1. What is the one condition in (1) at positive phi; (2) under 16 Å from the mean Cα position of the chain (by Cα) that residue 90 does not satisfy?
2. Look at region 95-109 and say how many of its residues are exposed (fewer than 11 other Cβ atoms within 10 Å of the Cβ) and part of a helix (DSSP H, G or I).
3. Just name the residue that is farthest from residue 79 (Cα to Cα) out of those in region 40-54 that are of a type outside the set (S, T, N, Q) and surrounded by 11 or more Cβ atoms within 10 Å (Cβ to Cβ).
4. Pairs please, first residue from region 20-37 and at pLDDT below 85 and assigned to a helix (DSSP H, G or I), second anywhere and of a type in the set (A, V, I, L, M, F, W, C) and surrounded by 10 or more Cβ atoms within 10 Å (Cβ to Cβ), Cβ atoms under 9 Å, 6+ apart in sequence or on different chains.
5. Would region 113-129 turn up any residue that is assigned to a loop (DSSP other than H, G, I, E, B), within 18 Å of the chain's Cα centre (by Cα) and closer than 26 Å to residue 25 by Cβ?
6. So which pairs qualify, if the first residue must be in region 86-115 and in contact (Cβ under 8 Å) with a residue 24 or more places away in the chain and within 21 Å of residue 22 (Cβ to Cβ), the second must be assigned to a helix (DSSP H, G or I) and aromatic (Phe, Trp, Tyr), the Cβ gap must be under 6 Å, and the two must be at least 6 apart or on different chains?
7. Sort out which residues of region 55-74 are part of a loop (DSSP other than H, G, I, E, B), surrounded by fewer than 13 Cβ atoms within 10 Å (Cβ to Cβ) and not charged (D, E, K, R), and write them in order of number.
Amino acid sequence: MSEWHKTDQTKTPAGMRDVALSRRAVEIYRDRYAYADGHGYLFTTKHHTPIQISAFNTFLRNAAKKLKIDKPVSSHIFRHTHISKLAELGVPMYVIQQRVGHSNSRVTQEIYTHVTHEALVKNRDQLENL
């Protein structure tokens, strides 16, 4: 496997894209895939069927409750976090948009702007400590 992977199942045409993976991500993929039992799924139930998103979201909500996290939690938070981290690293918005498969830049821009605003506030607060 190269450092590029393309899926053939997406929600929208913009979802059909090349996604660069870090060497570490490729290593984890290869290690996990070795245990995938030839079904092609990395994350499965004990019966080797794909984990349903609703079951995963239930798991996340229960974990959040046990950890006393009061914010709403779902699998989508990982996508938002990924975009936020890329923005914090200074990755250009158009690159993030392509990476996450947004056909409309508005959604990417909203998340990107939110992160940029948080960074400005954080920097302002750091200046207060001078």
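1. (2)
2. Result for region 95-109: 1.
3. Narrowing region 40-54 to residues of a type outside the set (S, T, N, Q): 40-43, 46-48, 50-51, 53.
If we keep only those that are surrounded by 11 or more Cβ atoms within 10 Å (Cβ to Cβ) as well, we get 41-42, 48, 50-51, 53.
Values: 41: 19, 42: 18, 48: 25, 50: 19, 51: 17, 53: 14 Å.
Per the stated criteria, the residue is 48.
4. Note: pairs meeting the criteria are 29/21; 29/42; 32/42; 33/42.
5. Quick first cut of region 113-129, residues assigned to a loop (DSSP other than H, G, I, E, B) only: 129.
Those still in the list that are within 18 Å of the chain's Cα centre (by Cα) too: none.
Among the residues of region 113-129, not one is assigned to a loop (DSSP other than H, G, I, E, B), within 18 Å of the chain's Cα centre (by Cα) and closer than 26 Å to residue 25 by Cβ, which makes the answer no.
6. Final answer for the pair search is 87/112.
7. 67, 69, 72 - these are the residues of region 55-74 that are part of a loop (DSSP other than H, G, I, E, B), surrounded by fewer than 13 Cβ atoms within 10 Å (Cβ to Cβ) and not charged (D, E, K, R).
The values are calculated or read from the model by the stated rules, or taken from the named source; none is laboratory data. All figures in this text were calculated on a predicted structure; none of them were measured in a lab. Note that each Cβ is placed from the backbone with ideal geometry, even for glycine, and that neighbours are counted across all protein chains shown.
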